[in-house]
Amino acid sequence: MAFEIERRFLIKNDEWKNFITKKTFIEQGYFSTHPNEWIIRLRAENKKYKLTLKKPLKNFTSYEFEYKIPSSEGEIIISQLNNKIYKERFYLLINQKYWVVDIFKDKNIPLEIAEIELNNEDEIIQVPNFISKEITGEKIFSNFQLAKSPFSSWGKERLSKYLNN
């Protein structure tokens with residue numbers, strides 16, 4: 001059984017750029033219609049396609065199952081999906097831990113989110129200086145929700161709740 005255990009954070013400065021090991025561009029399209037169901041997405045990254053089924057369990061643990069699909073089929077499928085996100089993903093190595101920073105594009109500019117995957121929920125991490133606020137479990141920041149309700153459509157009240165702390 002596949003589990004994903006991750007924590008997510010907003011970013012306050014560009015210090016993370018000192019830790020980049022590689023970068024890529026990601027396009028994700030969603031089949032799902034409700035965040036409490038299984039989230040089903042298709043991800044395109046480096047001309048490779050993965051179909052992912054994801055279901056939140058508790059705290060910051062989810063079931064996650066991924067399946068590679070042929071590029072020719074992935075291109076057709078993703079071109080027909082309406083709920084999409086686009087982001088540049090930067091891979092970082094900080095204190096022997098792997099982090100990713102997603103710089104969202106299109107309707108989710110200027111959102112920037114850092115993530116770290118953990119081995120278990122009790123794992124202790126050293127939070128880097130570029131982190132501003134933890135958003136783990138905040139569904140409004142899930143990629144699925146950002147595809148349906150982009151960051152650029154959020155009102156001032158909603159934005160201030162997260163960005164003025």
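Bear in mind that the values in this text are calculations on the coordinates, not laboratory data. All of these numbers come straight from a predicted model, not from anything done at the bench. Glycine also receives a Cβ, built like all others from the backbone with ideal geometry; neighbour counts cover every protein chain displayed.
Worth a mention:
Residue-by-condition table, conditions (1) at negative phi; (2) under 16 Å from the mean Cα position of the chain (by Cα); (3) not polar (S, T, N, Q):
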position	(1), (2), (3)
TYR30	yes, yes, yes
PRO35	yes, yes, yes
SER79	yes, no, no
TYR86	yes, yes, yes
LEU93	yes, no, yes
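- Lone qualifier among LYS87, LYS23 - being of a type in the set (Lys, Arg), more than 20 Å from LYS148 (Cα to Cα) and touching a Lys or Arg at 6+ places or on another chain (Cβ under 7 Å): LYS23
- Boolean, LEU57 is exposed (fewer than 14 other Cβ atoms within 10 Å of the Cβ), within 21 Å of ILE113 (Cα to Cα) and among the hydrophobic types (A, V, I, L, M, F, W, C): no
- Residue within the stretch 71-85 that is among the small types (Gly, Ala, Ser), free of Cβ contacts under 8 Å to residues at least 60 places away in the same chain and in a strand (DSSP E or B) present: no
- Each residue in the stretch 28-63 was checked for being in a strand (DSSP E or B), closer than 17 Å to GLN145 by Cβ and among the charged types (D, E, K, R), and 4 of them qualify.
- Selection from the stretch 62-77 of residues that are under 26 Å from ASN119 (Cα atoms) and more than 14 Å from the chain's Cα centre (by Cα): TYR63, PHE65, GLU66, TYR67, LYS68
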